[in-house]
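Contents: one structure, followed by commentary.
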Amino acid sequence: MNIIDLRSDTVSWPTPEMREAMANAPVGDDVYGEDPTVNQLQDEAAAMLGKEAGLFVSSGTMGNLVAVLTHCGRGDEMILGRDAHIFRYEAGGSAALGGVHPNTLDVQPDGTLRLDAIQRAIRSDDAHFPRTRLICLENTQGTIGGIPISAQYIAEVADLARQHGIRLHIDGARIFNAATALNTPIAELVAPADSISVCLSKGLCAPVGTVLVGSRAFIDQARRARKQVGGGMRQAGILAAAGLIALRKMSTRLHEDHANACALAEGLAQIPHITLDLSRVQTNMIFFDLAPDAPLTPAQLSARLKTEYNILMNPYPGFTHRFRAVTHYWITREHVEAAIAAVRTSLS
Ligand SMILES: *Cc1c(COP(=O)(O)O)cnc(C)c1O
């Protein structure tokens, strides 16, 4: 990349190895279950995450939607964070298409939902109430900083869910970042969950795709939900071939992105007019605030970085002075140094 694109890890391009694998992938009709590369991807993802089966879907949003549609019926309720991607950024799909009622709780600074708040939110059996069917956690919790949540906490939520006959879904768009940061084996991290969606196209660099994993029975049902939302793909092995490289190779190098995020954060934190809490940089995301009396407004800084330095870094929507930067495979240590120098010069 000759542009230093720090807007998100979704901007990461597929690697040359992925393009090569895509060109050579054996394929078949996946709606018939006959695409060997898709089948391989689904099986490997399930095995890595310690679940029985997997389902390849087009996006993280579709993975979450298919999971919610499979776990819940119309008028059922799911408990999730007010800052959850499912609640904030998925166009209300679970309500629009599934009639699923969201019961939102505050997300704590450590990415968790309070156990006592979950407990209180679970409905008793009363004709006035929707039925609580599902709890959704997000790991890493994106909007508050890419914060990883621990295996211990997930197990506690799963215990609570099980006591009430409720399912647990993890939006694991960045679950490999979480496992890397926590130094917890991925299968252990998600062991108590009934379903997990794992994005292949963020830090893992595949061009397209998410894998949803869970029990065989769950995935059999989920396949129908995927078809209902138009997600049955044909020779999707072309895409799954990149996904296999994402799982096998890209998932093991995320500590490099985290180290680059730390280096970027440490450099930015020393620049006048910038406030940045280094303790919150735990994976590949950095949030920082520009002082209101800085020589440039957030929009001006963003424009200056783009036009003068080919660096893309955007103000974070919903905040007046906040920026988010995200590191990924295509951001090198030299890019990090260049970005720090460019911000310093622009603000001096
Ligand atoms: C990116 C993301 C998704 C899904 O996004 P798509 O753009 O639909 O692939 C879901 N959950 C979280 C936490 C995400 O960051």
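The values are calculated or read from the model by the stated rules, or taken from the named source; none is laboratory data. All figures in this text were calculated on a predicted structure; none of them were measured in a lab. With ideal geometry, Cβ positions are generated from the backbone for all residues, glycine too; neighbour counts draw on all protein chains shown.
Summary of values
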read-out: Some residue of the stretch 283-300 being at positive phi and not assigned by TED's automatic domain parsing to the domain that holds GLY145; value: no
read-out: Qualifying positions in the stretch 94-104 - crowded, with 19+ Cβ neighbours inside 10 Å and either within 19 Å of the chain's Cα centre (by Cα) or farther than 21 Å from HIS164 by Cβ (or both); value: SER94
read-out: Test: residue in the stretch 125-133 that is acidic (Asp, Glu) and touching a strand residue (DSSP E or B) at 6+ places or on another chain (Cβ under 9 Å); value: no
read-out: Selected residue [touching a Pro at 6+ places or on another chain (Cβ under 6 Å) and crowded, with 22+ Cβ neighbours inside 10 Å] from ALA158, ALA178; value: ALA178
read-out: Residue that is farthest from the ligand (Cβ to nearest atom) [pool: residues in the stretch 46-71 that are part of a helix (DSSP H, G or I) and hydroxyl-bearing (Ser, Thr, Tyr)]; value: THR70
read-out: Subset of the stretch 325-348 (residues that are in contact with a Gly (Cβ under 6 Å, 6 or more places away or on another chain) and of a type in the set (A, V, I, L, M, F, W, C)); value: ILE340
read-out: All positions within the stretch 202-213 that are surrounded by 24 or more Cβ atoms within 10 Å (Cβ to Cβ) and at negative phi; value: LYS202, GLY203, LEU204, ALA206, THR210, VAL211, LEU212, VAL213
read-out: Condition met for GLU188 (among the charged types (D, E, K, R), more than 11 Å from the ligand (Cβ to nearest atom) and either outside the structural domain of HIS71 (by TED's automatic domain parsing) or more than 17 Å from ASP116 (Cα to Cα) (or both)); value: yes
read-out: Filtered residues of the stretch 72-107 (kept if of a type in the set (Lys, Arg) and within 15 Å of the ligand (Cβ to nearest atom)); value: ARG82, ARG88
read-out: Residue under evaluation THR143, criteria (1) within 17 Å of the chain's Cα centre (by Cα); (2) more than 16 Å from the ligand (Cβ to nearest atom), criterion not met; value: (2)
read-out: Pair list, Cβ under 7 Å, 6 or more apart: the stretch 53-69 residue more than 19 Å from LYS202 (Cα to Cα), other residue within 8 Å of the ligand (Cβ to nearest atom); value: ALA67/SER197
read-out: Total residues in the stretch 253-272, condition closer than 18 Å to VAL326 by Cα and among the β-branched types (Val, Ile, Thr); value: 0
read-out: From the options HIS128, HIS164, HIS169, residue that is without any contact (Cβ under 8 Å) to a residue 24 or more places away in the chain, out of contact with any Pro (no Cβ under 6 Å at 6 or more places or on another chain) and under 27 Å from GLY73 (Cβ atoms); value: HIS128
read-out: Residue in the stretch 5-19 that is under 21 Å from the mean Cα position of the chain (by Cα), not in a loop (DSSP other than H, G, I, E, B) and not β-branched (Val, Ile, Thr) present; value: yes
read-out: Residue count for the stretch 108-133, restricted to those that are over 11 Å from HIS164 (Cβ atoms) and either away from the ligand (no atom under 15 Å from the Cβ) or of a type outside the set (Gly, Ala, Ser) (or both); value: 15
